[in-house]
1. May I ask you to list the residues in the range 15-57 that are in a loop (DSSP other than H, G, I, E, B), in contact (Cβ under 8 Å) with a residue 40 or more places away in the chain and out of contact with any Phe, Trp or Tyr (no Cβ under 8 Å at 6 or more places or on another chain)?
2. Which residues, taken from the range 1-14, are part of a loop (DSSP other than H, G, I, E, B), out of contact with any Asp or Glu (no Cβ under 7 Å at 6 or more places or on another chain) and within 17 Å of I83 (Cβ to Cβ)?
3. State all residues of the range 119-129 that are of a type outside the set (S, T, Y) and surrounded by 12 or more Cβ atoms within 10 Å (Cβ to Cβ); if no residue qualifies, say none.
4. So, in the range 56-81, of the ones that are β-branched (V, I, T) and crowded, with 17+ Cβ neighbours inside 10 Å, which residue ends up nearest to K108 (Cα to Cα)?
5. Can you pull out the residues in the range 11-65 that are aromatic (F, W, Y) and within 15 Å of the chain's Cα centre (by Cα)?
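Taken together, the values in this text are just the output of simple stated rules run on the coordinates, not laboratory data. It should be emphasised that the depicted structure is a prediction, and the values quoted were computed from it without experimental measurement. Neighbour counts are summed over all protein chains in view; Cβ atoms, including those assigned to glycine, are modelled from backbone coordinates with ideal geometry.
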Amino acid sequence: METSATNLFIVDDNKLMVTNLKYYLEDKFGKGLNITTFYDGKTCLEKIDKNTQIVILDYFMDDLNGLDILKSIKAINPKTEVIMLSGNEDMALAIETFRMGAKDYVVKGNDAWGKLTKIIKHLVTEPIRLIVKEFGVSKYVAIMVLTFVTMGSLYSASYII
């Protein structure tokens, strides 16, 4: 049995950038991420639900700006972690995105994808770190516990369906 992948959305109106970032993240994380791409904020918002875990969101897009989309994402699912990805280095804008609930703010550039990789890895492994910290067990025990919990959830859900 497999554990479920982390659901990640990439939202940017630059189609080439979205495609390249998706392939880059698939190469780094393999089947650990279930990546869905969007080229506008409106379409993304139609798909946000309780299972959306991470969103990489461009600030400047043709239809809606990143703050409006961020606010709507947090209204739909406050647990969704949003990473803002922008060409804008304005500190006031970055602070405003944090106030609205963004997890991080990455400026587009040479090292942006490396930073995204570190942030996503941190978010994906956070449950393991919490179990290790709270219960004082090794990371391997935490992984085993999460695997059994996920498998149990999937097994229980199969009876509901």
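1. Those that are in a loop (DSSP other than H, G, I, E, B), in contact (Cβ under 8 Å) with a residue 40 or more places away in the chain and out of contact with any Phe, Trp or Tyr (no Cβ under 8 Å at 6 or more places or on another chain): N51, Q53.
2. N14
3. Correct list: I119, I120, K121, H122, L123, V124, P127, I128, R129.
4. I56
5. Y24, F29, F38
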